[in-house]
Amino acid sequence: MRWSNLFVPTLREAPAEAEVASHRLLLRAGFIRQLHSGHYSLLPLGLRVHDKVADIVREEMDAIGGQELLLPAMHPAWVWEQSGRWASMGEEMFRLTDRKGAEVALGMTHEEVIAHLAREIHSYRELPQIWYQVQWKFRDEPRPKSGLLRVREFAMKDSYSLDIDDAGLDRAFDLHQGAYTRIFERMGLPAIAVEASSGAMGGSASVEFMVPSDAGEDDIVRCASCGYAANVERAVAVVAPVDDPPGGTLERFATPGIRTIAALAAAEAEAPPQRQIKTMVYVLDGQVTLVLLRGDHSLSEQKLLDRTGAAQARPAGADECVAALGASPGSLGAVGVTDLPVLADGALEGRSNLTTGANVDDFHYRRVDIERDIRVGEWLDLRQVRHGEPCTACGRPLELLRCIETGHIFKLGRRYAEAFEATVMDAEGAARVLTMGSYGIGIGRAMAAVAETYHDERGLCWPVSVAPYDVAVVPLAGRDAAVGEVAERLYDELCGLGTEVILDDRDARPGVKFSDIELVGIPYRVTVGPRGLANDEVELTERASGQTANVPVAEAAAAVRTARDEALAAL
RNA sequence: CGGGCUGUGGCGCAGCUUGGUUAGCGCGUUGGUCUGGGGGACCAAAGGUCCCGGGUUCAAAUCCCGGCAGCCCGACCA
């Protein structure tokens, strides 16, 4: 490809709305353009990277026996009604009505469609199956952001395993875990497989693939010494015991104007945060519920959902607190509460001589013994793990890492197959409901994660496996015709060797060409100039390291090919 | 959904507080001359519903009301 024919609208300055590196650079380098919040056009270079990512995914899916298919992006409402998700999905699903008045939706995932298709399997002899597609998903995200990282329409590779029993599902799950590990390795992404919550999907196992990045939206916990890794939604850590001095009888005392844990700790020597009870009022599926944590701990809402099985949780409003407990946030507590469910985090178990709100504005209780004074309905793990807390497996400090979720695999079980009556005959002639797994990778998000991982102050630095082109040949022609001829010859030679090459044939100054090529992030640059040609040499520069070597013209193409192949093999 | 910020040529911005020349600057774009190994110089030119609608006023990019869009934080989110 000649640069002069290529549509690469590079920008010298990043548009003001772009904040994170991948967003800024993909815009500046002419890979993407926004049409609308959360909807991006992939320009020629962007599409090439996107395709390369998708092709790596396809190769590894094929390698574990996956079969590619393509399902509709638009679904009739009835398939979602059949699984019960038409009602439960809420506003995240784009819904519309066709000319006949029929309700339809844009698919945000395809479990239903797969389960419906799976009815065509009748015998255990036809199992197992792994079906996958690279299809556009539509999700009406409340807040699209960060370029390609969080959008409302995006390509996802989603695969689904169909098995007759749990052992088969386990096998399919393990195959996917292996495939995902190879996929991210090949893209150069240092993805960490972590235990995760399966969230609204349910299921017995759930692993997320997380790429560390400040641009991410998820936190994981990792133990560098034993390898334990989990999403904070699920992570556990050792809680160092707190020494409670001997207490005594419960006592109410005035705390005028004190509304926060910190303010109470400042006012009361006997009430440091770890000796307070934090009382949070939540509405779980419509039921007002008290959630108790140690004062210095914070609640993980996902844990609350997972542990209680509630579909929805939201903090109660101030008015709801007053209605339920008679006081406003800041003076709330669970002492004496008998008419509301009380959930408490395990870190509070056995504690005494604590301080908490008295359910009267501007009053707290001291010397609370949690077993004696509070009727705890259930003890649950609800707290969010903090950086540096000891690992439960090996005792070493855990690290908290911000990450981009690039893949998620989980076992669905029989929920969807049951809803669609996807059953097969087993060897004994009995009907058995299929069990399914569901496995996703966001293609565009993975691409953005690579951009987040590989860039510098000059621009993008794509790993060769996903780079839009392998090499750029840059003639510094001026009026020197020989330079142009050598560049053309090298271009042909490189194409012939199977490398993907751009010839920068623009009549532009060297600085312009170099800057653009570095911004775009082509892994190798061959510079052809009169200076080098005087010695029958060209320069070979590696984008990532900036290292340049002089190479005889006759050997240049082969040198590029070798360098590329070696880099590819190293991934 | 709550909080904050922003909408002015393709991109980055100024002008708005205190209404009043022909709406300006840098970059980019087009033509030309020179230049030719890191965004070069000079000359000439094109390019604008100042987000939209209404209002106030002799007069609105500027003030007022309403809307829309975008970004950030939070909430939410396989």
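The values are calculated or read from the model by the stated rules, or taken from the named source; none is laboratory data. Quantities reported herein were computed from a predicted structural model and do not represent experimental measurements. All Cβ positions, glycine included, derive from the backbone under ideal geometry; neighbour counts span all protein chains shown.
Summary table below
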item	result
Members of the stretch A:450-469 that are crowded, with 24+ Cβ neighbours inside 10 Å, closer than 8 Å to residue A:521 by Cβ and within 16 Å of RNA strand B (Cβ to nearest atom)	A:460
The stretch A:329-342 - residue that is more than 11 Å from residue A:373 (Cβ to Cβ) and touching a helix residue (DSSP H, G or I) at 6+ places or on another chain (Cβ under 7 Å) and, of those, surrounded by the fewest Cβ atoms within 10 Å (Cβ to Cβ)	A:340
All positions within the stretch A:102-155 that are assigned to a strand (DSSP E or B) and not hydrophobic (A, V, I, L, M, F, W, C)	A:103, A:123, A:129, A:132, A:133, A:135, A:137, A:145, A:150, A:153
Only listed residue being at pLDDT 90 or above and either more than 14 Å from RNA strand B (Cβ to nearest atom) or out of contact with any Phe, Trp or Tyr (no Cβ under 8 Å at 6 or more places or on another chain) (or both), chosen from A:326, A:357	A:357
Of all residues making up the stretch A:119-153, the number that are under 20 Å from residue A:170 (Cα atoms) and within 16 Å of RNA strand B (Cβ to nearest atom)	3
Residues being over 23 Å from residue A:296 (Cα atoms), aliphatic (A, V, I, L, M) and more than 18 Å from the chain's Cα centre (by Cα) - total across the stretch A:384-418	3
Qualifying position, being free of Cβ contacts under 8 Å to residues at least 40 places away in the same chain and farther than 22 Å from residue A:296 by Cβ, among A:437, A:377	A:377
Failed item, numbered, when residue A:449 is tested on (1) touching a helix residue (DSSP H, G or I) at 6+ places or on another chain (Cβ under 7 Å); (2) within 30 Å of residue A:559 (Cα to Cα)	(1)
Lone qualifier among A:408, A:387 - being surrounded by fewer than 15 Cβ atoms within 10 Å (Cβ to Cβ) and within 16 Å of RNA strand B (Cβ to nearest atom)	A:387
Scope the stretch A:502-515; condition within 13 Å of RNA strand B (Cβ to nearest atom) and closer than 21 Å to residue A:563 by Cβ; matching residues	A:504, A:513, A:514
Hits in the stretch A:1-23 (condition: more than 9 Å from RNA strand B (Cβ to nearest atom) and without any contact (Cβ under 8 Å) to a residue 24 or more places away in the chain)	A:5
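Each row is one residue, and each column tells you yes or no for (1) away from RNA strand B (no atom under 11 Å from the Cβ); (2) outside the structural domain of residue A:49 (by TED's automatic domain parsing); (3) touching a strand residue (DSSP E or B) at 6+ places or on another chain (Cβ under 7 Å).
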site: A:478; (1), (2), (3): no, yes, no
site: A:481; (1), (2), (3): yes, yes, no
site: A:490; (1), (2), (3): yes, yes, yes
site: A:494; (1), (2), (3): yes, yes, yes
site: A:500; (1), (2), (3): yes, yes, no
site: A:518; (1), (2), (3): no, yes, yes
site: A:524; (1), (2), (3): yes, yes, yes
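Residues are listed down the side, and each one gets a yes or a no for (1) away from RNA strand B (no atom under 16 Å from the Cβ); (2) in contact with a strand residue (DSSP E or B) (Cβ under 8 Å, 6 or more places away or on another chain):
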{"position": "A:299", "(1), (2)": "no, yes"}
{"position": "A:309", "(1), (2)": "no, no"}
{"position": "A:331", "(1), (2)": "yes, yes"}
{"position": "A:346", "(1), (2)": "yes, yes"}
{"position": "A:371", "(1), (2)": "yes, no"}
